Amino acid sequence: MIIFVWFNAFSFMYNLILFGPPGSGKGTQSANITRKYQLHHISTGDLLREEVGKKSPLGLEAQQYMDAGQLVPDAVVIGMISGKIDENPNARGFIFDGFPRTQGQAVALDAMLKAKHTEIHQVLAMEVPEEELVKRLLHRGATSGRSDDNEEVIAKRIKEYYAKTEAVAAHYDALGKLERIKGIGSIEDIFNTLGKSIEKYIQPA
Ligand code: AMP
């Protein structure tokens with residue numbers, strides 16, 4: 001029992017934030033990373049869409065913001081994340097996708113992980129020019145039927161990203177944890193570049 005507790009407290013858990021504007025390929029690459037490195041994937045966008053689908057009180061509150069291309073309030077998102085981390089205490093690590101999106105969420109996440117004796121090790125920020133983002137999102141809207149992928153909402157989401165979320169990159173840059181990755185090219189090439197950074201910390205599972 002003592003050995004088990006000791007192992008849990010000191011075994012290495014790797015935590016990554018995959019960062020990038022809407023349409024930067026975060027979803028695809030986080031699925032690739034999750035598979036290869038056996039991390040637990042947490043996407044706040046997916047979790048929120050699940051709640052919207054269930055028409056839960058949280059989902060009903062979140063939907064109005066999502067449909068308008070605005071961020072859901074920090075308190076809603078932070079509560080949701082804390083629950084997900086606690087559900088997976090023996091994870092090899094977590095990959096956060098679409099979170100944190102604001103300075104407040106970043107500060108809350110750092111405190112949450114510190115209380116669990118771990119931290120964010122790396123923030124990999126995928127960078128894609130704005131006209132390419134709009135092109136990709138319009139295509140996704142036409143093929144997936146996502147309600148937030150029309151031209152007006154796309155423009156708002158990209159603007160919101162640059163207005164608020166770049167502050168999160170600056171937060172982790174100041175801690176020496178940010179690496180910028182070129183998000184243009186083949187999915188495979190971008191994945192290889194991301195892997196080179198990740199493997200400074202962990203090897204494929
Ligand atoms: P995504 O799938 O990550 O692009 O998220 C879709 C929408 O969900 C966003 O436009 C926001 O309205 C909402 N959302 C997702 N993650 C967050 C977050 N961390 N904070 C606030 N709102 C979020």
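As for segment 58-69, it holds at least one residue that is part of a loop (DSSP other than H, G, I, E, B), small (G, A, S), within 24 Å of Y162 (Cα to Cα) and within 12 Å of the ligand (Cβ to nearest atom). The set of residues in segment 29-53 being of a type outside the set (A, V, I, L, M) and either modelled with pLDDT under 90 or away from the ligand (no atom under 15 Å from the Cβ) (or both) consists of N32, T34, R35, K36, Y37, Q38, H40.
Yes/no matrix, rows are residues, columns are (1) exposed (fewer than 12 other Cβ atoms within 10 Å of the Cβ); (2) modelled with pLDDT of 90 or more; (3) farther than 18 Å from L18 by Cβ:
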residue	(1), (2), (3)
V123	no, yes, no
M126	no, yes, no
T143	yes, no, yes
H171	no, yes, no
I184	no, yes, no
E188	yes, yes, no
S197	no, yes, no
Q203	yes, yes, yes
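For V5, the conditions (1) in a helix (DSSP H, G or I); (2) modelled with pLDDT of 90 or more all hold with the exception of (2). Please specify each residue of segment 83-104 satisfying the condition of being surrounded by 15 or more Cβ atoms within 10 Å (Cβ to Cβ), more than 16 Å from A174 (Cα to Cα) and out of contact with any strand residue (DSSP E or B) (no Cβ under 6 Å at 6 or more places or on another chain). Across segment 83-104, the qualifying residues are I85, R92, F99, R101.
Every condition in (1) among the hydrophobic types (A, V, I, L, M, F, W, C); (2) within 20 Å of Y14 (Cβ to Cβ); (3) within 18 Å of the chain's Cα centre (by Cα) holds for V107 except the one numbered (2).
Counting residues in segment 80-99 that are aromatic (F, W, Y) and either under 19 Å from Y161 (Cβ atoms) or away from the ligand (no atom under 16 Å from the Cβ) (or both) gives one or more.
Candidates Q38, Q70: the one that is surrounded by fewer than 16 Cβ atoms within 10 Å (Cβ to Cβ), over 15 Å from the mean Cα position of the chain (by Cα), under 23 Å from I187 (Cα atoms) and in contact (Cβ under 8 Å) with a residue 12 or more places away in the chain is Q38.
The values are calculated or read from the model by the stated rules, or taken from the named source; none is laboratory data. The model shown is predicted, which means the values in this text are computed figures rather than measured ones. Glycine gets a Cβ as well: all are built from the backbone with ideal geometry, and neighbour counts include every protein chain shown.
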